[in-house]
Structures are given as structure tokens and as C-alpha cells.
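Data first, discussion second: the structure below is written as C-alpha cells.
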Amino acid sequence: MEKKQINWNRLEFAYTPTDWRYVSDYADGRWDAGRLTDQPQIVLNESACVLHYAQTCFEGLKAYTAADGRIFCFRPDLNAQRMADSCRRMKMPVFPEERFLKAVEETVRANLPWVPPYGSGASFYLRPLMIGTTPVLGVKPAQEFQFRLFGSPVGPYFHGGVRPLTLRVSDMDRAAPRGTGHIKAGLNYAMSLYNIVDAHEQGYDENVYLDPATRTCIEETGGANILFVSRDGKLVTPKSGSILPSITRRSLLQVAEEYLGIPVEEREIPLEEISGFAECGLCGTAAVISPVGCIVDHGKEICFTGMGPVLRKLYDTFVDIRMGRIEAPEGWLYEIV
């Protein structure tokens, strides 16, 4: 199987249309059989629910070429489960887990020439999404929906490798108390667009959001969960009902405890406490772990060692597991070919 003529090492985290994507439509209370299509365009009525009332959710996962040449996806069953949770919260029909996994497999297999080779540092990003397609005027859920899954070869999320990031503590909220911060709804990300552009214009890489109820505790950034390492070597991560439950974070915590013997704490982290941490990093499907060099709290700089020894060891071990160089826990690697 011949790969596409792409400079894999120079890829950015950006959309590249590939040959095939998976589509399934929901009408009259059931999903159709689903199909692969070579058409990237979506045709919608001008009054489609998604265009007016943002009835949409999505997921993100990756396919990788492992050291032995096999292609895996990392824990796609958890993406299927999280998308089901999002659908329930957004009054959308759940796309069954077994069909989700089948769609992942079919999409990757159909696009094998686009899957980056081992050692390139790139991966094949998969984006499942669901939209409400029923034409509506009144505020109400759609009755018809479309599930789509497409893929794109991508490079690192934060271009420039392991350059430590500079974050700012935001005056805005990412999510509302008892709102939708814990699901992967498109509206959560729309809320952050103004703020991320403003952060970039002010010279910051990302925003750090505080808990929306009291604005005293660290939650996450606009596109990733956050990790801290204490000075005595503990891995500490925020716990909150308005944080998106990251599959990468969940996996990193397990790797830390079971593979590296690193103590783990999931708890509320007051903003005033973070100056006592030694290391800080962002984690997620796209970023894996990106080191944070500095968090700026309204002019006060709180600095960290970047990718220090704990985060470096955690990152290397996690990547070795994902790439098949270290044996993975059962069920973590879903083999495609």
C-alpha cells in the first residue's frame, strides 16, 4: 500500500481532506445502515437546527502506525462512550458503540495511504461528529440527525514541538455551573473563540479557566486538561463537574500509578496553590502533553520547569505504550490492520 506523497515531518495540526469519510443518517427513530462517501460537503436546509441552536457534539481520537507496522487507535471505546454521554445531554440519539467502532475501522482502512508512517511524529486524527439536521424555527430539538466521521493526517497540536507554553488566567468563564462543560459540545468551544484569539493577540498561547461557580480553583484550558507536578513528585490534576473528562488524562493517571509508581491526586486546586508546583503541562488527544513554562495571573508570573523529569518520563512512557514499544493495558490499543 503506497503512502501519499506528503512531507509527514512538516505537517501542522490542520485539516487535510482525505479520500473517504463515514456517514449515517437518523430519521423516523432509527439510524440507517451507514456508508462510506467521497463527498466532504454537507448539504443542509437553511433552517437546520444545528445552524441556529448549536445542536451538535463531536469527538477526537487518533490512529497511529506502531513500531511493528500495525495501525492502532487508542481507546476508541471510551470516545464512543463519551460521545453517547454528550448525545444524551444534548437530546440527540446515541450512535451505538459497536457501530462507532466499525465506523472508525472503516474510515481508517479506506484512508490507509493517508495514515502517517511510524517515526514521522505525525498521526491520523479522527473527528466523529453529530448534527441536528431538521429544519426548525422554534427552540426545540431536531428529529433528524447525521453522524459523520472523517480523518486527516496531522502534526503536533502546538506547532514548534516541546516549547514551553505561556498561559494567562482568564477573566472569562469556559462553562456555566451545572452547564455543559463536562461534555464535548460544539457550543463550549464557540464560547472560547473570542478569548483564544484575544490571548494570542496579547502574546499568550492559551487561557487557563477557573471554576465558574467560585472562580478560585483551576479547571482547564480552552482545548486541553491541565496537569501539575508537586515538588515531592506527585501528579496533581483538577477535579470538577464542569471539566471535560479527558481520555488522555485518564490514561496518563493510570500510567503514572501503574507503570511509574507516581502518586496521583485528583482534587480541587486553588489558584493560590499553583506557585508551589514544580512542573505543569497540558494534556489531551491532540496535544498529548505540552509543557507549560509560565502562567500569568494578571501580571503575576508563576513559572515552572517546562517538561521536567516527571512529565518527561510520563510522556515517554505513554507514547511508548501507544506506539507498541511497551505492552499496553488490555483493551487500550484497538487494532485496525
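The values are calculated or read from the model by the stated rules, or taken from the named source; none is laboratory data. Since we're looking at a predicted model, the values are computed, not measured. Using ideal geometry, Cβ is built from the backbone for each residue, glycine included, and neighbour counts are taken over all protein chains shown. Quick note on the areas: whole protein, heavy atoms, side chains included, nothing else; ligands and nucleic acids left out. Shrake-Rupley method; radii C 1.70, N 1.55, O 1.52, S 1.80 Å.
Quick notes on this one:
- With a Förster radius of 30 Å applied to the beta-carbon distance between K140 and L193, the computed FRET efficiency rounds to 0.70.
- Rounded, prolate or oblate (a/c below 1.5 giving rounded, otherwise prolate when a/b exceeds b/c) for the range 164-270 by Cα gyration tensor: prolate
- Calculated from the alpha-carbon coordinates, the range 41-153 shows an Rg and a Dmax of 16.0, 54 Å respectively.
- Counted residue by residue at 0.36 nm each, then reduced by the alpha carbon distance between them, the extension gain from V337 to L101 reaches 83.6 nm.
- Given 16 as the ceiling on other Cβ atoms within 10 Å, longest exposed-site-free region of the chain for trypsin sites (Lys or Arg not before Pro) in DSSP loops: 92-177
- Rg to Rh, two decimals, where the range 203-337 supplies the alpha carbon set and Rh follows Kirkwood: 0.97
- Per residue, in Å², the accessible surface of the range 107-232 once ligands and nucleic acids are set aside, probe 1.4 Å: 42 Å²
- Apportionment of accessible area to carbon and sulfur, the range 1-95, percent (1.4 Å): 46 percent
- Label separation (E257 vs E272): 3.0 nm, computed from points 7 Å beyond Cα along the C-beta direction.
- Contact order normalised by residue count of the chain, Cα under 8 Å, 6+ apart, percent: 19 percent
- Heavy-atom accessible surface of the range 120-268: percent carbon and sulfur, 1.4 Å: 53 percent
- Angstrom value of the Kirkwood radius, inverse mean 1/r, which spans all Cα pairs in the range 114-213: 17.0 Å
- Cα-derived Rg over Rh, computed across the range 268-337 with Rh taken as Kirkwood radius: 1.11
- The fraction of all Cα pairs in the chain landing in successive 20 Å bins from 0 to the largest distance is 30, 59, 11, given as whole percents.
- Sequence-distant contacts, meaning Cα pairs under 8 Å at least 6 residues apart, place the relative contact order of the range 91-217 at 21 percent.
- Stretching A213 away from N45 to a fully extended chain increases their span by 56.7 nm, per 0.36 nm per residue minus the current alpha-carbon distance.
- Cut-off 10 Å between beta-carbons: net charge of the residues surrounding R249, Lys and Arg +1, Asp and Glu -1: -1
- Hydrodynamic analysis of the range 1-77 uses the Kirkwood radius over alpha carbon pairs. Inserted into Stokes-Einstein at 20 °C and 1.002 mPa s, it gives a translational diffusion coefficient of 130 µm²/s.
- Within the chain, the longest run free of exposed loop sites, counting GluC sites (Glu not before Pro) that sit outside DSSP helix and strand states (H, G, I, E, B) and have at most 15 other Cβ atoms within 10 Å, spans 47-267.
- Each of G223, I289, M130 was scored by the projection of its Cα onto the charge dipole of the chain, and the greatest displacement toward the positive side belongs to M130; charges sit on the C-beta of Lys, Arg, Asp and Glu.
- Scaled to the globular estimate 2.2 N^0.38 Å, the Cα spread of the range 71-116, given as radius of gyration, is 1.30.
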